[in-house]
1. Can you give me the ranges of the strands (runs of 3 or more DSSP E) entirely in segment 18-105 with at least 2 residues that are closer than 19 Å to residue 141 by Cα and at pLDDT 95 or above?
2. Being in contact (Cβ under 8 Å) with a residue 24 or more places away in the chain and farther than 17 Å from residue 238 by Cα: is that true of residue 123 here?
3. For segment 169-200, how many residues meet the condition of being under 19 Å from residue 122 (Cβ atoms) and modelled with pLDDT under 95?
4. Tell me, yes or no, whether segment 127-149 has at least one residue that is within 25 Å of residue 84 (Cβ to Cβ) and touching a strand residue (DSSP E or B) at 6+ places or on another chain (Cβ under 6 Å).
5. Mind checking which residues of segment 97-114 are closer than 23 Å to residue 46 by Cβ and either in contact with a strand residue (DSSP E or B) (Cβ under 8 Å, 6 or more places away or on another chain) or surrounded by fewer than 18 Cβ atoms within 10 Å (Cβ to Cβ) (or both)?
6. Return the residues of segment 54-79 that are under 16 Å from the mean Cα position of the chain (by Cα) and surrounded by fewer than 19 Cβ atoms within 10 Å (Cβ to Cβ); say none if nothing qualifies.
7. Which residue pairs have Cβ atoms under 9 Å apart, sit 6 or more places apart or on different chains, and have a first residue in segment 24-38 that is more than 13 Å from residue 51 (Cβ to Cβ) and a second that is modelled with pLDDT under 65 and in a strand (DSSP E or B)?
């Protein structure tokens, strides 16, 4: 962290992992609460911070980041956020956040999800691969009314009640439900009122052509349906698209 001295104008910092040639590389080992406090003091202009796989940092360290008053994007994928503070009190003190990634955070539970509405500027939220959250926690995302992008792929708790709740998040433009095995035609009915939805990922769900018809009034520009054997070209055409898009990442 001593290398940060003299870098007070730095706006973006990734201390977690990077990928090259399908291999993961640890960028900075030993990111602790003390390191986060040093960052908050040395980098007052920081806007984007990546901490994926930084498992030594705790909720206590996150609270020090409130000094970074310009911080808008935070990646906490595969960390222990929520271990000391299940209701994410420290994380939710970062009220300037607009984008938050909590992918595969094993300590994240329903109380933490309920607290996310305390981030009033949050527009992008990634909650992929969460095994310890239920539909009861996920339905509270309806209170995150500023969301335009939401990823719930591989979340077992996603069911019709969750999709019904998301139908009230009317600013949603992008939604990923890949490998949510309870997502079916009924769920599509719940999303039919999202009149800003342009990007939808339904790969490996139970959706059929019949369910897609409910989305006819959504302004979809991209529909991802890999692994949906009951979705055909006819179903895609019914929602105004000429083809099914494949994964491009």
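1. So the answer is 73-75, 99-101.
2. Numbers: in contact (Cβ under 8 Å) with a residue 24 or more places away in the chain: yes; farther than 17 Å from residue 238 by Cα: yes.
So residue 123 passes the test.
3. 0
4. Scanning segment 127-149, I find at least one residue that is within 25 Å of residue 84 (Cβ to Cβ) and touching a strand residue (DSSP E or B) at 6+ places or on another chain (Cβ under 6 Å), so the answer is yes.
5. Step one: filter segment 97-114 for residues closer than 23 Å to residue 46 by Cβ, giving 97-103, 105.
Those that are closer than 23 Å to residue 46 by Cβ and either in contact with a strand residue (DSSP E or B) (Cβ under 8 Å, 6 or more places away or on another chain) or surrounded by fewer than 18 Cβ atoms within 10 Å (Cβ to Cβ) (or both): 97, 98, 99, 100, 101, 102, 103.
6. 73
7. 24/18; 25/18; 25/19
Results for (1) assigned to a loop (DSSP other than H, G, I, E, B); (2) within 14 Å of the chain's Cα centre (by Cα); (3) in contact (Cβ under 8 Å) with a residue 12 or more places away in the chain, shown as yes or no for each residue.
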position	(1), (2), (3)
154	yes, yes, yes
170	yes, no, yes
180	yes, no, yes
183	yes, no, yes
187	no, no, yes
220	yes, no, yes
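The values are calculated or read from the model by the stated rules, or taken from the named source; none is laboratory data. Predicted model only: the values in this text are computed from it and were never measured. With ideal geometry, Cβ positions are generated from the backbone for all residues, glycine too; neighbour counts draw on all protein chains shown.
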